[in-house]
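J.: What follows is a structure written as structure tokens; I'll ask about it next.
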Amino acid sequence: MSVSTAAAARTVCAPLPVLGRDVTVPLVTGGEVAYAALDYAASAPALQRVWDDVAAYAPYYGSVHRGAGYLSQLSTDLFENARRTVTEFLDCRPDDQLVFTRSTTDSLNLLARALPAGCQVFVFETEHHASLLPWQDARVTYLDAPRTPAQAVETLERALAARDPHGPALVCVTGASNVTGELWPVRELAAAAHAHGARIVLDAAQLAPHHPVSVRELDVDWVAFSGHKLYAPFGSGVLAGRADWLVAADPYLAGGGASRKVTRREDGGVDVEWHENAARHEAGSPNVIGAYSIASACRALTEAGFDALVAREEHLIAKVRSGLAEVPQVKVLSLFGDDAPRVGVISFVVEGWNSSHFAAALSAEYGIGVRDGLFCAHPLVRTLLGGDPQTQGECGAPEAAPGEKSLNAIRVSFGAGTPDEHVERFVNAVRELVSEGARWQYRTEDGRCVPAV
């Protein structure tokens, strides 16, 4: 049974309530329309459940750890319970540590700071910059973009077989592409890494909001994700996994909370004894509300049931892909092909259109929010478009003449809170813009295409 057929066989649930579902925005052509938020891959709207939980806790907010007051103790209990909830959501191993960070980017930079001396890092060029760039101080091997999941595993195995088998090594891989939405063979890549004595970290920023993530089943050593993509936009993220490298490394930030004991030396300096638990890398006052909101989102998604959520998303993906396929001028970007399983992230180019111009028209004339550009994945977009990404030209002019290569792309993304009407309006708007053109004049301002006054 195919992925789409299996999804259709499951019950398709209603969209989960999210903030902003009743927001209306003005159109340049006159009037207002309900805003269609189709930029989930950048930041998903807050679940109503998350907002309600945070609002209920807010009057009881207090400092965490070591506070004697009731609100401090309550906040500490809530913060540590949030850690346990997210640990269960990720199905971590008993000895794993879970550190609250600011985002996926922050999590992977933390891990990069904790690498053992001489560690070699292997990362595909197809990664988001958050997982492509933090390893600059290590020995990095950048792997070429694969064209099939099997080729990804083969490419990694060849690279690992050629490395020094005696030194530490780390593989960094995404779970779902932020450009194409395609799912990567994480379990197979983890097996290849471990077979060659390497460890693996999973960038689950685009995977966790759409599919269950089990550290144990995938057999990854670490997983990182962001709250703002998991319907909890309160500035928090997660790094969870094996404790040994984290405990052996100096704290990511030095300060209160990370230190267990500080004493003056006779020479005037200080000696510091650092914590060996997650607090070691959580210096300063932690983002209690951010951590609590992630835990709330984890509970909400678990209770809704990922089977139903995945079925609904497959339903929406089918609507968008079939609609775009009916427009000959639209080319959907893909590494692994049309039949590859994916999450609700689809990037495309439109022949003869500047991508910034097209996205601006979707917003200004239809009230639809998408994203255009390179999506913080420049090497991947270059590979998909077959040329070097460049800055957009004047938005009033076509980006490329028919037959020429596009320079940037448009991305539509959606999730658990997206109603059918939003993706249907998007498909109809694409069809209308391609056939009839924009109804308004646009100009370039600070590198962005905006409606002319």
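J.: What does the net charge come to around TRP184 if you take all other residues with beta carbon closer than 11 Å to its beta carbon, with K and R at +1 and D and E at -1?
T.: Value of the local net charge: -2.
J.: OK, next. Based on C-alpha coordinates, I'd like the Rg and Dmax of segment 188-231, in Å.
T.: Here Rg and the maximum Cα pair distance are 11.3, 37 Å.
J.: Let me ask something additional. Under the definition of Cα pairs under 8 Å and six or more residues apart, what whole-number percent is the relative contact order of segment 66-153? Show your work: numbers first, answer last.
T.: On the way: 53 pairs, mean separation 17.7, N = 88.
Relative contact order here is 20 percent.
J.: Starting with the fewest neighbours, write out HIS281, HIS378 ranked by other beta-carbon atoms found within 10 Å of each beta-carbon. Display every interim value, and only then the final one.
T.: On the way: HIS281 27, HIS378 15.
Neighbour counts put them in this order, fewest first: HIS378, HIS281.
J.: Okay, next question. Antiparallel versus total DSSP beta bridges in segment 49-303: what percent is that, nearest 5?
T.: Counting only bridges with both partners in segment 49-303, antiparallel ones make up about 50 percent.
J.: Another question, if that's okay. Compute the relative contact order of segment 107-263 as a whole-number percentage, counting only Cα pairs closer than 8 Å that sit 6 or more residues apart in sequence.
T.: 21
J.: Could you list log10 I(q)/I(0) for segment 152-289 at q = 0.09, 0.13 Å⁻¹, which the Debye formula gives when each Cα is one point scatterer?
T.: Computed log10 I(q)/I(0) values: -0.38, -0.71.
J.: At a Förster distance of 35 Å, what's the computed FRET efficiency of ARG321 paired with GLN136, Cβ-Cβ distance as r, to 0.05?
T.: Computed FRET efficiency for ARG321 and GLN136: 0.40.
J.: For GLU424 and VAL450, what does the FRET efficiency come to when R0 = 22 Å and r is the distance between their Cβ atoms, rounded to the nearest 0.05?
T.: Values: r = 26 Å, r/R0 = 1.19.
Calculated value: 0.25.
J.: What's the local net charge at GLY337, with K and R +1, D and E -1, over the other residues with C-beta under 14 Å away? Each step should come with its number before you reach the end.
T.: Working: positive: ARG147, ARG321, LYS331, ARG342; negative: GLU182, ASP338, ASP339.
Taking every other residue near GLY337 into account, the sum is +1.
J.: Which value, in nm² and rounded to one decimal, describes the direction-averaged projected area of the C-alpha convex hull of the chain?
T.: Convex hull of Cα atoms, orientation-averaged projection: 24.8 nm².
J.: Can I ask one more? Below 17 Å, Cα to Cα, which aspartates and glutamates can LYS261 reach? Residues fewer than 8 away in the same chain don't count.
T.: The qualifying aspartates and glutamates are ASP250, ASP271, GLU273, GLU276, GLU282.
J.: I've got another one for you. Compute the convex hull volume of the Cα atoms of segment 259-324, divide it by the residue count, and report the result per residue in Å³ as a whole number.
T.: Expressed per residue, the convex hull around the Cα atoms of segment 259-324 is 158 Å³.
J.: Using the count of nearby Cβ atoms within 10 Å as a rough guide to exposure, how do LYS261, LYS229 rank from fewest to most?
T.: LYS261, LYS229
J.: Now for a different question. Looking at segment 1-133, what % of the alpha carbon pairs are farther apart than 26 Å?
T.: Counting every Cα pair in segment 1-133, those more than 26 Å apart make up 55 percent.
J.: Let a ≥ b ≥ c be the square roots of the eigenvalues of the Cα gyration tensor of segment 49-303; is it rounded (a/c under 1.5), or, if not, prolate (a/b larger than b/c) or oblate? Let's see the in-between values first.
T.: Working: a/c = 2.41, a/b = 1.31, b/c = 1.83.
Here segment 49-303 falls in the oblate category.
J.: Most exposed first by the Cβ proxy, i.e. fewest other Cβ within 10 Å, how do LEU74, LEU160, LEU38 rank?
T.: On the way: LEU74 16, LEU160 21, LEU38 24.
Final ranking by Cβ density, sparse to dense: LEU74, LEU160, LEU38.
J.: Determine the sum of side-chain charges near GLY367: Lys and Arg each +1, Asp and Glu each -1, restricted to other residues whose C-beta is under 14 angstrom from that of GLY367.
T.: Net charge in that neighbourhood comes out at -4.
J.: On a 0 to 90° scale, report how tilted helix 288-304 is relative to the longest principal axis of the chain, with both axes built from alpha carbons and the result rounded to the nearest 10.
T.: Helix 288-304 sits roughly 60 degrees off the main axis of the chain.
J.: Just to be sure I understand the model, the point goes 7 Å from the Cα along the line to the Cβ. What's the resulting SER285 to ASP77 distance in nm?
T.: If labels sit at SER285 and ASP77, their model points lie 2.2 nm apart.
J.: Does anyone have the angle between helix 186-195 and the longest principal axis of the chain? Alpha-carbon axes, 0 to 90°, nearest 10?
T.: 40
Taken together, the values in this text are just the output of simple stated rules run on the coordinates, not laboratory data. Owing to the predicted nature of the structure, the values given are computational and were not obtained by experimental measurement. Because the Cβ atoms are built from the backbone with ideal geometry, glycine has one as well, and the counts that use them run over all protein chains shown.
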